[in-house]
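> There's a structure below that I have some questions on.
The values are calculated or read from the model by the stated rules, or taken from the named source; none is laboratory data. Since this is a predicted model, take the numbers as computed values, not measurements. So basically every Cβ, Gly included, is an ideal-geometry build from the backbone, and we count neighbours across all protein chains shown.
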Amino acid sequence: MNNATTPVHADITLVVNGQEHRLNVDTRASLLDVLRETLGLTGSKKGCDHGQCGACTILIDGRRANGCLALAVAHDGADIVTVEGLAQGDQLSPIQRAFIEQDAFQCGYCTPGQLCSATGMLDEVARGWPSVVTDDLGSDPVLNDDEIRERMSGNLCRCGAYVGIVAAVKQAAQDREAAEA
Amino acid sequence: MTERLESREKVTGAARYAFEYPVENVAYAAAVQASVGRGEVVAVDADSVLALPGVLAVLSHENAPKLHDPPDGELALFQSRTVSYRGQFVAVVVGETLETAREGARRLRVEYAAESPDVRLRTDHPDLYKPDKVNPTFPADTEQGEPEDAYGCSAVRVDVTYTTPAEHNNPMEPHTTLAQWNDDGLTLYDSTQGASSVQNIIARVFGLDRTQVRVVSPHVGGGFGSKGSPRPNVVIAAMAARAVGRPVKFAVPRQQMYATTGYRTPTIQRFRVGADSDGRLNAVLHDVVEQTSTVKEFAEQTATPTRVMYQAPHRRTSHRLVALDVPTPSWMRAPGETPGMYALESVMDELAVATGVDPIELRIRNEPDRDPENGLPFSSRNLVACLQEGAERFGWAGRDPAPRARREGRKLVGMGVAASTYPAYMAPNRATARAEPDGTFTIRIAAADIGTGARTTLALIAAETLKADLGDVRVEIGDSSLPKATVAGGSSGTAGWGTAVVRACEALRAELNGGLPAEGLEVSADTTEEVKAREAFSRHAFGAQFAEVEVDADTGEVRVRRMLGVFAAGRIINPVTARSQFIGGMTMGIGMALMEESVMDREFGDYLNRDLAQYHVPSCADVRDVDAVWVEESDPHLNPMGAKGIGEIGIVGAAAAVGNAVHHATGVRVRSLPITPATLVPRL
């Protein structure tokens with residue numbers, strides 16, 4: 001046990017959903033807790049606080065990450081997107097729409113993490129990043145159901161909405177392709 | 001096809017769960033668990049933690065206020081020195097911030113006088129006893145005919161013991177309470193399956209009038225039974241908030257949930273079934289041994305499905321409990337039916353093999369024409385239709401009954417079937433229906449939507465009764481200030497809440513015949529008398545589960561390739577959310593079959609695997625082709641909607657279907673869940 005009894009604070013800047021925040025954070029605070037408790041952005045959820053469930057998944061500098069495993073002080077200057085930042089005003093993003101249409105959630109608690117994870121994952125696929133189930137590492141991965149399941153397995157859903165989640169991600173990927181075509 | 005009414009809130013992060021209500025000046029609680037398996041707290045060194053900057057209070061048995069009338073030991077927080085199980089809450093630290101509270105809890109030194117805990121469930125435990133009843137009010141034992149003798153005389157006999165491990169509900173949202181005292185009493189933002197029951201129980205715990213407690217819970221991140229009654233978090237938050245004179249919030253950390261928020265008891269189930277050579281049952285004996293804790297009795301009704309499933313003139317069921325120094329078991333999705341039907345439906349598969357009768361035909365041959373124990377007619381029973389529909393859809397006809405007959409490279413492939421059932425409960429509820437001056441309607445009932453789709457289903461029921469557009473119906477639930485409602489449990493919500501909504505809407509329509517007053521019109525309904533007056537029927541939903549698995553012959557890894565559930569559950573109100581409920585239950589059944597197991601620390605007590613990295617629930621990659629359908633079922637003896645509950649039946653029988661498929665694939669009968677490579681490899 002150490003003797004440090006006084007919390008240590010540090011000044012950082014975070015850009016969250018396009019908005020800059022200058023913050024004085026407890027150096028023990030996770031990014032997740034700063035988002036939820038300091039900034040009031042409670043869309044990102046705490047399911048396990050140990051990086052095991054994915055409910056806290058956010059995008060840090062464009063890549064998906066577990067907010068509960070990220071110390072806020074280590075992310076000074078980061079550009080963060082949370083579930084609150086996925087829609088454009090009232091216009092839901094394709095993945096948000098697809099989750100509703102495919103009933104890809106029940107209690108909704110894992111949903112923000114699933115949505116951020118899927119958003120980041122579709123971008124990874126677009127960049128040609130392979131997964132452990134990608135057969136041909138020489139060409140761009142094809143986003144079939146097995147690829148979706150593998151790439152979404154960092155986000156647990158205890159209600160068991162995976163069937164809907166896979167359908168929703170597939171639908172959003174197709175929407176994205178159609179939009180790019 | 002109706003999407004969830006709160007869909008938009010849930011995909012934008014706007015839906016607020018208990019921890020997320022913005023209240024001024026909130027403080028944070030972090031709890032400390034007993035580190036011994038049994039004994040007494042000797043000393044709590046609160047002073048050194050209170051000296052930390054930002055720590056507001058330390059509460060333990062040394063200084064906690066006396067609670068008025070906690071209904072059981074689980075809610076009697078910090079009322080004595082006694083440690084009844086490892087992991088029991090013994091103290092709480094309240095801090096200005098989450099970080100401070102947690103550091104305080106981590107640093108709090110608690111001294112114990114430790115004794116050796118008795119934590120091992122076994123069939124020869126000297127303290128096994130017969131409970132007065134099993135959950136909720138079933139007799140512990142039943143017997144008809146001469147089961148022992150009849151079994152002994154049967155041409156074909158199967159005598160096997162199945163075991164299921166402790167399993168944890170693990171809703172994604174931890175058990176959470178934000179407590180705020182004010183002049184009027186206590187407000188609780190709580191993650192609960194029943195606002196009205198939390199209101200009642202917490203009022204009793206703190207010696208308040210029921211009206212002085214308000215429970216708010218519009219969105220709940222899953223529960224699966226574990227939030228069906230208030231757990232220690234509610235008392236801790238309320239006690240801490242009163243102590244510091246500020247609102248306090250407390251979310252049970254995932255690791256602490258395993259000891260403090262309930263779980264499914266492990267079971268040891270001996271089955272003896274005797275049949276003639278054609279598979280017609282003559283005797284069924286189902287003897288269950290399971291555990292409870294020393295602070296609160298919970299007696300899982302594991303053998304109850306055996307009482308309704310199959311005909312047999314000679315039959316017996318029994319439950320024996322032992323109170324161990326373990327965390328308190330409680331409800332987990334389809335308590336009773338889930339472990340009981342796993343065993344029964346595995347045994348039926350064994351009997352099919354023993355008699356050479358097809359597993360579906362075997363079940364059809366043993367279909368009773370009325371409830372086999374209480375003799376009542378079934379209000380409706382379409383198990384056979386589910387089996388036949390499923391066989392057709394799943395391609396059962398082409399199945400070679402010989403085990404280990406189908407191999408694809410390293411993969412052994414097999415198909416299994418199991419029946420499922422769940423009672424169609426209904427309890428008294430109240431609701432109001434209001435015609436607003438603008439022509440819309442507001443329905444109010446303290447129901448809960450824990451992900452079931454209840455909010456949407458109740459709106460559909462109201463719109464249909466009122467002959468109104470769904471868009472003109474607003475449903476308010478999840479608040480104890482609304483008309484009193486039962487918990488989201490026993491798959492009873494649609495039946496119980498829905499009936500109250502129908503009656504309120506019918507009464508409103510009748511009164512509206514006189515025209516809509518300028519200020520609107522509100523009527524209320526109470527279904528107490530209606531529920532009491534129900535005719536005597538045996539009311540149950542039924543289903544058939546089919547699974548196809550592949551087993552890696554070298555590694556023993558089991559993967560579920562395909563799974564289909566066919567259910568007969570009365571009228572399905574909202575096909576979208578119903579399908580999700582069924583599939584969700586089946587998905588949890590895959591977890592039960594292949595991965596979920598809470599391992600008791602036999603030396604020190606409590607469960608060893610206390611997080612989601614060690615307690616494995618199905619992930620996306622574990623769930624491939626899973627689908628659920630239902631057969632048309634019209635049942636006039638249920639409720640005005642003609643609906644049976646659907647929240648739990650999806651898990652019932654699912655693990656047996658997987659286990660039976662594993663046997664078909666490999667020829668190996670595993671009688672102890674979960675079926676893992678460790679259990680399979682030595683026998684492949």
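> Within the set of pairs 6+ apart or on separate chains, which have a first residue in region A:134-155 that is away from every other protein chain (no Cβ under 14 Å) and under 18 Å from residue A:171 (Cα atoms), a second that is surrounded by 13 or more Cβ atoms within 10 Å (Cβ to Cβ) and modelled with pLDDT of 95 or more, and C-beta atoms under 8 Å apart?
Every condition considered, the pairs that remain are A:141/A:125; A:141/A:129; A:141/A:130; A:141/A:131; A:141/A:134; A:141/A:147.
> Continuing with the same structure: May I ask you to say which residue of A:65, A:104, A:98 is in a strand (DSSP E or B) and either in contact (Cβ under 8 Å) with a residue 24 or more places away in the chain or within 28 Å of residue B:451 (Cβ to Cβ) (or both)?
Just one listed residue meets the conditions, A:65.
> Quick one: residue A:11 ticks every box in (1) part of a helix (DSSP H, G or I); (2) loosely packed, with under 15 Cβ neighbours inside 10 Å; (3) among the charged types (D, E, K, R) except a single one, so which number is it?
All conditions are met except number (1).
> Got a sec? Which of B:148, B:111 is under 29 Å from residue B:83 (Cβ atoms) and either outside the structural domain of residue B:614 (by TED's automatic domain parsing) or in a strand (DSSP E or B) (or both)?
Among B:148, B:111, only B:111 is under 29 Å from residue B:83 (Cβ atoms) and either outside the structural domain of residue B:614 (by TED's automatic domain parsing) or in a strand (DSSP E or B) (or both).
> Right, something else. For residue A:112, indicate whether it is touching a residue at least 12 places away in the same chain (Cβ under 8 Å) and not assigned by TED's automatic domain parsing to the domain that holds residue A:13.
It is true that residue A:112 is touching a residue at least 12 places away in the same chain (Cβ under 8 Å) and not assigned by TED's automatic domain parsing to the domain that holds residue A:13.
> Filter region A:49-62 down to residues that are in contact (Cβ under 8 Å) with a residue 24 or more places away in the chain and more than 21 Å from residue A:158 (Cα to Cα) and give me whichever is farthest from the other protein chains (Cβ to nearest Cβ).
Looking at the filtered set, the residue picked out is A:62.
> Could you check how many residues of region B:10-40 are of a type outside the set (Lys, Arg), in a helix (DSSP H, G or I) and within 8 Å of chain A (Cβ to nearest Cβ)?
4
> Going by the structure shown, is residue A:125 more than 12 Å from chain B (Cβ to nearest Cβ), part of a helix (DSSP H, G or I), more than 14 Å from the chain's Cα centre (by Cα) and of a type in the set (A, V, I, L, M)?
Judged against the criteria, residue A:125 is a match.
> Looking only at region A:129-162, which residues are more than 16 Å from residue A:117 (Cα to Cα) and β-branched (Val, Ile, Thr)?
Once the filter is applied, which keeps residues that are more than 16 Å from residue A:117 (Cα to Cα) and β-branched (Val, Ile, Thr), region A:129-162 yields A:132, A:133, A:134, A:142.
> Checking residue A:84 against (1) of a type in the set (Asp, Glu); (2) surrounded by fewer than 21 Cβ atoms within 10 Å (Cβ to Cβ); (3) within 12 Å of chain B (Cβ to nearest Cβ); (4) not in a helix (DSSP H, G or I), which test does it fail?
Only one criterion is unmet by residue A:84, namely (4).
> Give me the pairs: first residue in region B:604-633 and within 7 Å of chain A (Cβ to nearest Cβ), second residue in a strand (DSSP E or B) and modelled with pLDDT of 95 or more, beta-carbon distance under 6 Å, and six or more apart or on different chains, which are they?
Between residues of region B:604-633 that are within 7 Å of chain A (Cβ to nearest Cβ) and residues that are in a strand (DSSP E or B) and modelled with pLDDT of 95 or more, the close pairs are B:626/B:563.
> With the structure loaded, tell me whether residue B:110 is of a type outside the set (Asp, Glu) and either in contact with a Gly (Cβ under 8 Å, 6 or more places away or on another chain) or without any contact (Cβ under 8 Å) to a residue 24 or more places away in the chain (or both) or whether it fails that test.
No.
> While we're looking at this one, here's another question. Tell me whether region B:258-277 contains one or more residues that are more than 25 Å from residue B:129 (Cα to Cα), in contact (Cβ under 8 Å) with a residue 12 or more places away in the chain, touching a Leu at 6+ places or on another chain (Cβ under 9 Å) and not in a helix (DSSP H, G or I).
yes
The rows are residues; the columns are (1) surrounded by 23 or more Cβ atoms within 10 Å (Cβ to Cβ); (2) more than 10 Å from every other protein chain (Cβ to nearest Cβ); (3) not in a strand (DSSP E or B).
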{"position": "B:549", "(1), (2), (3)": "yes, yes, no"}
{"position": "B:562", "(1), (2), (3)": "no, yes, no"}
{"position": "B:588", "(1), (2), (3)": "yes, no, yes"}
{"position": "B:593", "(1), (2), (3)": "yes, yes, yes"}
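> Tell me which residues, restricted to region B:374-406, are farther than 22 Å from residue B:665 by Cβ, touching a residue at least 40 places away in the same chain (Cβ under 8 Å), assigned to a loop (DSSP other than H, G, I, E, B) and more than 26 Å from the chain's Cα centre (by Cα).
Listed by number, the residues that qualify are B:376, B:377.
> If you check residue A:22 against the conditions, is it among the basic types (Lys, Arg), within 7 Å of chain B (Cβ to nearest Cβ) and farther than 28 Å from residue B:7 by Cα?
no
> Let me ask something additional. State yes or no: is residue A:38 more than 15 Å from the chain's Cα centre (by Cα) and of a type in the set (Ser, Thr, Tyr)?
Considered against the rule, which asks whether it is more than 15 Å from the chain's Cα centre (by Cα) and of a type in the set (Ser, Thr, Tyr), residue A:38 comes out as yes.
> Which of the following residues is of a type in the set (Asp, Glu) and closer than 20 Å to residue B:161 by Cβ: B:367, B:361, B:290, B:297?
None of the others qualify; the one that does is B:290.
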